Amino acid sequence: MDSGNKSIILSNSNDARILVNFTDDDLKVYADFIPPIKGGNPLTEEYVNVFLQKMEIKNGILYDNIKDALERCNTVKRLVKDVLIARGELPVDELPAYYELDSGLRAPSRPEVKEGTKTDYRAWSPFIIVRKDQALAFYHPAVAGKTGKTVHGKEVPFRTIQKQTFAGGKNTATGNQYIVSEIDGLFVLFGNVLNVEPVLVIRGAIGYETGNINFPNDVQIRGSVNDGFKLVVGGNLTVKETLDVSDIIVKNNLNVSGGMIGRGLSLAKVSGLIETRFIQNCRIAGKKKITVQNDIINSTIYTMESLEVSDKGIILGSEIFAFNRVRAGRIGKENSAQTKIHIGLDWTINQDIENNENMMRIIEAKLEKVQSYLVLPELNEDKLSKIQEMKDRLDGEYKKCLEKQEDFNQKLIADRDAYLECTGLIAPDTLVEICGIEFIVKRALSAVRLVLDQNTTHIVPLPLVNK
């Protein structure tokens, strides 16, 4: 049947009748129930049945709707409009099984850099980092298609809907419900294949195009690292050009081909080995050996092992703290800022010592004030007793601080066999401290090893052999 308004006109045009309208897809039929006029006959069930047959309405007939409309039309004798009298069956689309990508893994858009705003554009990153066992995609089972049927009983074919699906790739595992990452790493979408890379490789420089870097494994930077950008690396960090040190944390080793430059307050904390071409205006704290090809200038270096500077390199205007030894080609320079070398001490204890000394100064000030109260003549016995109790408590706290200080001082000495070795010149005014014993170089020393004389507790220079 065609869609549109349709009706059956009886022999008496004053009789009640039904006017129907089919939707374009023949899945719904709406009817107007028109009451009789001027003595015409009302609507009957017989008329309705004949009407449905004539209109070839065979499927999805809503008899309750028809009965209700029929009663209202005959009782109230008013037009009842837009009654849904039949509804066909919609087809169910066939949907093959597919994996849907987690919405959080879509590539983030780069914010527009606007001058004068407070937004820290360095915090934006184009990299998507995932964790081990993180779900990357979710499985949707197949949905079988089902044929529909019009109100005339004609079949309506179903469609097959193809959803975009994804497959697991490198370092992923595909299960019945998810595709998950097998490692911590960088999420990379190649076509419809999900990959997780264990190493973050940046072929250019670190800047606003990359943002700060926070990666759980190895990071390789082929370009330079611009000032002001933070690097947190859970594995090894390799930088092929210059590294501007702002705020850097490396869990394993740091290798910088182009050298390290800072702004004085810049800090790099490295748990593994450090190898670099030069260090300038930096603060560096390393747990293992630090190796420098050329110079260390105006920097503060901490290492829980040793510092090795090549024979052609110089340590100038810097302060070095090392557990075991320091070796360099030259140390210090006349008429330049003093160079200080501290060896054989556990510099990690220094903060504890400083905090304890501050506490002792606070207790001393309190004791001095309490002592002044004790000599007041107007104190009664009760107040005197309370002040004396306070003094005893402060004396006890001070004694504990003294015991801590002694313990710290004993732990401070890390290696009595520590030494400083210089193949070239050590300039006058250079300060060398080994296990708490200080030595000021009065005149230039050449090709020497400075060691602690275990018997005299003095630092003595020994000539280097074959140097």
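None of Lys404, Lys467, Lys411, Lys400 is charged (D, E, K, R) and at pLDDT 85 or above except Lys400. Pairs are defined by a Cβ separation below 6 Å, a sequence spacing of at least 6 or placement on different chains, a first member in the range 151-170 that is surrounded by 11 or more Cβ atoms within 10 Å (Cβ to Cβ), and a second member that is of a type in the set (Ser, Thr, Tyr) and not in a loop (DSSP other than H, G, I, E, B); the pairs so defined are Lys163/Tyr98; Thr165/Tyr98; Thr165/Tyr99; Phe166/Tyr99; Gly168/Thr174.
Only a single criterion out of (1) closer than 30 Å to Glu182 by Cβ; (2) in a loop (DSSP other than H, G, I, E, B); (3) not hydroxyl-bearing (Ser, Thr, Tyr) is not satisfied by Gln220, namely (2). For the range 275-295, the set of residues classified as farther than 19 Å from Asp247 by Cα and outside any loop (DSSP other than H, G, I, E, B) consists of Thr291, Val292, listed by residue number.
Scanning the range 127-158 for residues that are within 30 Å of Val20 (Cα to Cα) and not aliphatic (A, V, I, L, M) yields Lys146, Thr147, Gly148, Lys149, Thr150, His152, Gly153, Lys154, Glu155, Pro157, Phe158. Please enumerate the residues belonging to the range 433-448 that are under 16 Å from Ser336 (Cβ atoms) and either surrounded by 20 or more Cβ atoms within 10 Å (Cβ to Cβ) or within 46 Å of the chain's Cα centre (by Cα) (or both). Val441, the sole residue that qualifies. Residue-level analysis places Phe408 outside the set of residues that are without any contact (Cβ under 8 Å) to a residue 40 or more places away in the chain and either in a strand (DSSP E or B) or crowded, with 16+ Cβ neighbours inside 10 Å (or both).
Considering only residues that are in contact (Cβ under 8 Å) with a residue 60 or more places away in the chain and assigned to a strand (DSSP E or B), look in the range 21-60 and name the one that is surrounded by the fewest Cβ atoms within 10 Å (Cβ to Cβ). Give the steps one after another, and end with the answer.
Taking the range 21-60 first, the residues in contact (Cβ under 8 Å) with a residue 60 or more places away in the chain are 22, 25-29, 56-60.
Then keep just the ones that are assigned to a strand (DSSP E or B); that gives 22, 28-29.
Values: Phe22: 22, Lys28: 18, Val29: 27.
It comes out as Lys28.
Here is the figure for the range 212-247: residues that are without any contact (Cβ under 8 Å) to a residue 60 or more places away in the chain and farther than 16 Å from Leu200 by Cα total 9.
Residues in the range 162-174: is at least one assigned by TED's automatic domain parsing to the domain that holds Arg122, in contact with a His (Cβ under 8 Å, 6 or more places away or on another chain), part of a loop (DSSP other than H, G, I, E, B) and under 30 Å from Val143 (Cα atoms)?
Residues of the range 162-174 assigned by TED's automatic domain parsing to the domain that holds Arg122: 162-174.
From the residues that got through so far, the ones that are in contact with a His (Cβ under 8 Å, 6 or more places away or on another chain) too are 163.
Still in the running and part of a loop (DSSP other than H, G, I, E, B): 163.
Those still in the list that are under 30 Å from Val143 (Cα atoms) too: 163.
Within the range 162-174, one or more residues are assigned by TED's automatic domain parsing to the domain that holds Arg122, in contact with a His (Cβ under 8 Å, 6 or more places away or on another chain), part of a loop (DSSP other than H, G, I, E, B) and under 30 Å from Val143 (Cα atoms).
The values are calculated or read from the model by the stated rules, or taken from the named source; none is laboratory data. Keep in mind it's a predicted model, so treat the numbers as computed, not measured. Because the Cβ atoms are built from the backbone with ideal geometry, glycine has one as well, and the counts that use them run over all protein chains shown.
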